[in-house]
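Undergrad: This is the structure, below, for whatever I ask next.
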Amino acid sequence: MLVVRLFCNQGMSTSLLVSKMKEEAEKGGMEVDIVAFPVNEIEENLKGVDCALLGPQVGYLKGKVSKVCQKNGVPLDVIPMVDYGMCNGKNVLEFARKLAGK
């Protein structure tokens with residue numbers, strides 16, 4: 001199972017993207033646990049996570065947030081703007097898989 005956490009301003013703007021990612025995983029027969037949260041809740045939402053993704057609108061926080069992720073052994077990156085903007089669940093799911101090394 002691939003466990004991914006997406007973080008944005010309020011945890012709401014990524015909800016559509018989460019749905020699209022889950023749809024793509026289902027099509028491919030892949031088990032996933034993907035949830036979005038506000039970025040200020042990152043510390044309490046990293047347990048058992050394979051990778052964390054930041055929405056582009058909070059990408060400027062990557063330096064600060066990466067310290068928290070490193071401490072928890074969780075790889076972190078910013079979702080590419082084009083894929084985020086187009087809600088491309090397939091590309092973002094593949095991005096997460098590569099980041100998680102799965």
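Undergrad: Cα gyration tensor of the stretch 47-96, axes a ≥ b ≥ c as square roots of the eigenvalues: rounded (a/c below 1.5), prolate (a/b > b/c) or oblate?
TA: Cα axes put the stretch 47-96 in the oblate bin.
Undergrad: Let me ask something additional. Output the relative contact order of the stretch 1-76, whole-number percent, from Cα pairs under 8 angstrom with separation of 6+ residues.
TA: Worked out over the stretch 1-76, it gives 39 percent.
Undergrad: Could I ask something else about it? What lysines does LYS20 reach when the alpha-carbon gap must be under 17 Å and sequence neighbours fewer than 8 apart in one chain are set aside?
TA: LYS90
Undergrad: Which option, (i) 0.92; (ii) 0.99; (iii) 1.68, is the value of Rg/Rh (Cα atoms, Kirkwood Rh) that was calculated from these coordinates?
TA: (i)
Undergrad: Sticking with this one: Expressed as a whole number of Å, what is the distance separating the alpha-carbon centroids of the stretch 37-61 and the stretch 7-32?
TA: Result: 14 Å between the Cα centres.
Only the coordinates and a few stated rules stand behind these numbers; no lab work does. In this text the structure is predicted, and so the values were computed from the model without any measurement.
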